[in-house]
Amino acid sequence: MFPVDTALFQKDQLYFSSPRTQLIKHPCKKNVALYLGRQVFFTTDNFRSSLFPLCIPAALKVGTPELTSAHIADSVLVLVVNQKVYIYDYEANSWNTSLGIERPVSHVSGDNCCYSRHPFCVDMSNSVFAYLYGDQISQTTVYFSNTRGYKFQKFAYERQAELVGSLGGTFYFHSLSQVGLLLIDQGKAWFSYSEHPLNSSFGLPFDYNGTLGILITPGQKGILIFWFEKSLLVSRNSGQLVYPVHVREGPNTLYSSISEANVTIHSVAANENELAVLTQENSLYYGSLGILSSSLIKFAGQNICTQDAALMFTDVGRVEILTPIPDLMFPAFDFQKCSVNIQAILMDPQFEVDVCKVELLEGEFDSKMYTIDMNSKLELTALMIPRPGKSLIPLAMVSNPHSLGLQAIIYEDGYTYDGNTKHRMNISLKQQHHWGRADPSFTSSIKRPTGSTITLDVANKEISCVDLKPLTAFISVGCDQEKKIVIQNEISACQNNILDPVGLQDNYSYVIERDAYDPNFQGQKALEDLVVQYEYEKLGCPSLVYWNNPWKPVVELWREGKFQEVIETEFVLLEVHGLFTYTYSLTAQTALCKAQPQNWTTIMETASDRGPFAWDRENYVSCHDPDNEAPLRWPNVPYQILGGPTANKVIFDQRNGIYVFYISIVDPYYSYCHLETTFSIYVHGAFPLSVILAAATIIPLVAVMLLSVWLAYAIPKLLHTEKGLKFKGFWIYLCRKCRKACACFRGRC
């Protein structure tokens, strides 16, 4: 028998450090949830099956298995156990220790995007923060992961050393495209934000009593719930303004806060549009998270609250109170469920709740994700139908007005069969910069991709409109993944029978002379010739370019297979194999640069970790930009940017052959995408350079010319001397003899 390491099978049972039970539901996978209490339970079927308490392998050596914080990031659980972060992949049933965290942490935070599998949405779900609650903000270390918690790195927060107070939390507010730090000092708390324009000020302070749990509601609307036993606060704009939730007990009693109502909170649950609170007094409170609603209504008390009870939403208007019950015959737990139908309770006459005045609120954009690229626009439409005799106050709002602006028009659009008026709202969305209505100090940086939600709700709807949820869509102000660039190829080398398309597809290769290329892209001659395999499937047949004509490629923008426009903005080229037998028609001076322009050499030096093709919209700085302070020290260097305000073109050396170019659109204001591609051209018409050495040709030619000039001067002068006359007579005599000899030869003598 082989020895067995029993430590591989030993596990430590986790328990939650807080006396208040919490239940974390996955916003996208409705059956996935994590229960935190005296035991920790994880379910993938909404607690329908019996569950064993969640345990962590003893091989990880966690010490005390105390769980202080948890987050569900897509398909993994991110858990803080004994001030370290561990990852449990519940699909693969595997445990890992997070990498990169060097100091103790107590909490993690994150969010999940359920709109689509767009890269922007995936990045949201992959982002996780880890931090130590209560640590001094000026000295603490915050960690950030974009790998769902598998690997962290230190998060650099500008001006962190200047902040005062202790850290109450670190959150990525995707609805505002900001990282927010919650600062606590002397019973007050407020948020500090990372990006312009909110980084120049703080959110409004609010009372901070106890250790507030912070719940980010699903849907990226910017709604935050802050709660403790005697406190319940809400923010609808990612912490910029935080205010207490009002409490209604009966038709005539309204309290301004939970503490004034003298109740003690046991558990809190929220979905995209609803809020529920379970109190230790065995009461259930319910409220709407609509645009203007900020109050809870008390339901009749029942014997529903125990120490282990937790609250969760199973659907719109449906709440369940869960209590784990140990199985007497089996080491597992079943969950006792108490279901509450909110709509049915609100219809009880004792609550004196008005009937919902809205019959219909619908729009095709609901729960979808859209992209607005630079200079683009999005049109949305919604339909609203009120009950007969009722009027509606529709309200459209964006969560990030610093980035996204809107304009809405509402009008009557006919009638229903029973005579109700149909109202149509058209919503136009584009970047706030392009509306021209906001001050630059209000708008976010146009170069930075951002996000925002657009929500359409009825401001004056009743709490009884449980099933009538607001219409929400997420807008990514960033790269439109459907865009690409194509190089126009009207005349190819194959059409002119210079190259054979069949031969190009048959493992065609060509040779680049060692004097014409540099593998390091520095313009230095290589040590040996380079054999290049031509990639016909990727490049097609090369365009035909005459060597002695200044040339610039025609770049086209395509989207979803349709031509959009010819791109006239700035772009750069680089021959992918290091050919340097070309230059540019303009210099920095003739391009009218105000500052020293960038070039491929400087880009490669500053971005060496990204490889040679690192010039893009993120690091491009125009030499015509008045804010560019780089002095123009070398005005005669080639200007390597094509397009834009200049007429710059490529000038080829006297060489025929194939060039494969990498092209990148570098104008940061044209698109948020990294628009780049590779293409090929064939340069023709250049006569081969002479193989005879220049000195061997020029020296004899100059000597002959000088001799001719000397003879033209010396011979006329010599003919006027005595020797010259004799010389002249000799030639006359010789000519006469030649004439007689020729005549005899012809038979005349």
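How much net charge surrounds Cys465 when only the other residues with a Cβ under 13 Å from the Cβ of Cys465 are counted, with Lys and Arg +1 and Asp and Glu -1?
-1
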### Within the range 241-392: Cβ-based charge dipole about Cα centre, in debye rounded to nearest 20 (Lys, Arg +1; Asp, Glu -1)
300
### Query
For the range 234-378, what is the relative contact order in percent, using Cα pairs closer than 8 Å and at least 6 residues apart in sequence?
14
### Query
Rounded to two decimals, what is Rg over Rh for the range 100-233 when you use alpha-carbon atoms and the Kirkwood radius?
0.95
### Task
Figure the gain on full extension for Asn548 and Asn636 (residue separation times 0.36 nm, minus the Cα-Cα span) and round it to one decimal in nm.
29.5 nm
### Message
If you take every residue apart from Gly37 with its C-beta less than 10 Å away from the C-beta of Gly37, what net charge results, scoring Lys and Arg +1 and Asp and Glu -1?
### Response
+1
### Message
Restricting to DSSP loop positions (anything but H, G, I, E, B) with no more than 16 other Cβ atoms inside 10 Å of their own Cβ, which trypsin sites (Lys or Arg not before Pro) remain in the range 472-558?
### Response
Arg514, Lys525
### Task
Taking 7 Å along the Cα-to-C-beta vector as the label spot, tell me the Gln589-Val531 distance in nanometres, rounded to one decimal.
4.7
### Task
At 7 Å along the Cα-to-beta-carbon direction for both Lys562 and Arg448, put a label point, then send me their distance in nm to one decimal.
3.4
### Summary
Taking the dipole of the range 390-481 about the Cα centre (Lys, Arg +1; Asp, Glu -1; charges at Cβ), the one of Val398, Leu471, Asn420 that reaches farthest to the positive side is Val398
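Loop only per DSSP, at most 12 neighbouring Cβ atoms within 10 Å: give me the GluC sites (Glu not before Pro) in the range 358-457, ordered by residue number.
Those satisfying the criteria are Glu364.
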### Summary
Under the 7 Å Cα-to-Cβ spin-label approximation, Leu328 and Thr678 lie apart by a distance in nanometres of 7.3
### Message
Can you give me the solvent accessible area of Trp558 with a 1.4 Å probe, rounded to the nearest 10 Å²?
### Response
70
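How large a share of the accessible area of the chain, in percent, is made up of carbon and sulfur atoms when the probe is 1.4 Å and the other protein chains stay in place?
That share works out to 54 percent.
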### Message
Give me, ordered by chain and number, the residues 5 or more places off Thr371 or on other chains with an amide H under 5 Å from its own placed amide H.
### Response
Ser476
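How large is the accessible surface per residue of the chain, computed with a 1.4 Å probe and reported in Å² as a whole number?
Heavy-atom accessible area per residue stands at 51 Å².
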### Area accessible to solvent at His246, 1.4 Å probe radius, in Å²
70
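Just to verify a number: FRET efficiency for Gln13 and Lys151, C-beta to C-beta distance, R0 = 35 Å, to 0.05?
On the way: r = 27 Å, r/R0 = 0.78.
Efficiency computed from Cβ-Cβ geometry: 0.80.
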### Query
If you wrap a convex hull around the C-alpha atoms of the range 26-148 and split its volume per residue, what is the figure in Å³?
121
### Task
Could you tell me what percent of the DSSP beta bridges with both partners in the range 1-148 are antiparallel, to the nearest 5?
95
### Task
Could you tell me which of Tyr411, Leu592, Pro197 has its Cα farthest along the dipole of the chain towards the positive end, charges placed at Cβ (Lys, Arg +1; Asp, Glu -1), taken about the Cα centre?
Leu592
## Note on the structure
Charge dipole of the chain built from unit charges on the beta carbon (Lys, Arg +1; Asp, Glu -1), centred at mean Cα; most positive-end Cα among Thr97, Val78, Tyr370 is Tyr370
### Summary
Counting only protein heavy atoms and leaving out ligands, DNA and RNA, the solvent-accessible surface of Glu102 at a 1.4 Å probe, in Å² to the nearest 10, equals 140
### Task
Give, rounded to the nearest 20 debye, the magnitude of the charge dipole that the chain has about its Cα centre when Lys and Arg contribute +1 at Cβ and Asp and Glu contribute -1 at Cβ.
4200
### Summary
Among Lys430/Lys469; Lys25/Lys422; Lys188/Lys337, the pairs whose Cα-Cα distance exceeds 29 Å are Lys25/Lys422; Lys188/Lys337
#### Entry: Sum of -39500 (n - 2.57) over DSSP H runs of 4+, divided by residues of the chain (222 nm, nearest 500)
-3500 deg cm²/dmol
### Query
Structure shown: which of Lys11/Lys154; Lys221/Lys368; Lys447/Lys484; Lys538/Lys649; Lys29/Lys221; Lys447/Lys562 lie over 21 Å apart, alpha-carbon to alpha-carbon?
Lys11/Lys154; Lys538/Lys649; Lys447/Lys562
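How charged is the neighbourhood of Glu535? Take every other residue with its Cβ under 15 Å from the Cβ of Glu535, and add Lys/Arg as +1 and Asp/Glu as -1.
-2
Quick check on the range 190-287: take the gyration tensor over C-alpha atoms, sort the square-rooted eigenvalues as a ≥ b ≥ c, and tell me if it's rounded (a/c under 1.5), prolate or oblate.
Details: a/c = 2.15, a/b = 1.82, b/c = 1.18.
It is prolate, given that a/c is not under 1.5 and a/b is the larger ratio.
The values are calculated or read from the model by the stated rules, or taken from the named source; none is laboratory data. Computed from a predicted model, the values in this text were never measured in an experiment. Cβ coordinates were reconstructed from backbone atoms using ideal geometry, including for glycine residues, and neighbour counts include every protein chain displayed. Surface areas here come from the heavy atoms of the whole protein model, side chains and all, with no ligands, DNA or RNA. Shrake-Rupley method; radii C 1.70, N 1.55, O 1.52, S 1.80 Å.
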